[in-house]
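*Asks:* Mind having a look at this structure? Questions to follow.
The values are calculated or read from the model by the stated rules, or taken from the named source; none is laboratory data. Quick caveat, the model's predicted, so the values are computed rather than measured. Because the Cβ atoms are built from the backbone with ideal geometry, glycine has one as well, and the counts that use them run over all protein chains shown. SASA here: full protein model, heavy atoms, side chains in, ligands and nucleic acids out. Shrake-Rupley method; radii C 1.70, N 1.55, O 1.52, S 1.80 Å.
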Amino acid sequence: MTVYINMYLFKAENVYALLIELEQRGVDVYVLADAGNLNWPGEADDLGCMGELEEAGGEVRLLNYGSSGRFAFDHAKYCIIDGTTTIVTSENWTGANLNGEVLQNPYVSNKGNRGWGAVIESTEYAGFMKTVFDNDYTKEYGDVC
C-alpha cells in the first residue's frame, strides 16, 4: 500500500497525523512539497511535521531547492493512493482548508478558503500521475533534496 502526495503548501497537522498512522500500519508514504514555502510563517511547524513523518518511516522531499529549480513553483495539489485512486484539489492542504468546519459566514471569522477537488478511481490515471510524481520526485536534476 502506498500514498504519494505532491502539494504546494502542506501545513495540515491532522493530515500529517493520519500519514504517520498509515506509516505505522505499513503503508509507504512519500511527500513532495515546494521548498520555497519553508520561508513562510509557520516554517518550524512544517519542518516538525515533515520530520515526524520521516521518523515514522515516511519520505519527504522538497522541490525547487536551491537556485536552479525546474519550476518557478511546484504548485501541484494531488495524492495517489495504492495506484488506483487519485485526489486532485484546487486548494493547498492546510489547517484553514482541512479544518472540518463549514463556515456559514466567512466574512465574520475570516478563516479558510473555498476550493474544490475530485477523486478519480482509475488505475490508468493514477499510473499517469505516478509518472508525473516520479519525474518531479527524482533527485536527478539537482533541485530536489
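*Asks:* Being open to solvent by 80 Å² or more (accessible area, probe 1.4 Å), within 20 Å of Ala12 (Cβ to Cβ) and at pLDDT 75 or above, is that true of even one residue in region 116-127?
*Replies:* yes
Here is a yes/no grid of residues against (1) modelled with pLDDT of 80 or more; (2) farther than 14 Å from Phe133 by Cβ; (3) surrounded by 19 or more Cβ atoms within 10 Å (Cβ to Cβ):
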residue: Asp28; (1), (2), (3): yes, no, no
residue: Asn39; (1), (2), (3): no, yes, no
residue: Leu53; (1), (2), (3): yes, yes, yes
residue: Glu59; (1), (2), (3): yes, no, no
residue: Tyr65; (1), (2), (3): no, yes, no
residue: Glu91; (1), (2), (3): yes, yes, no
residue: Val108; (1), (2), (3): no, yes, no
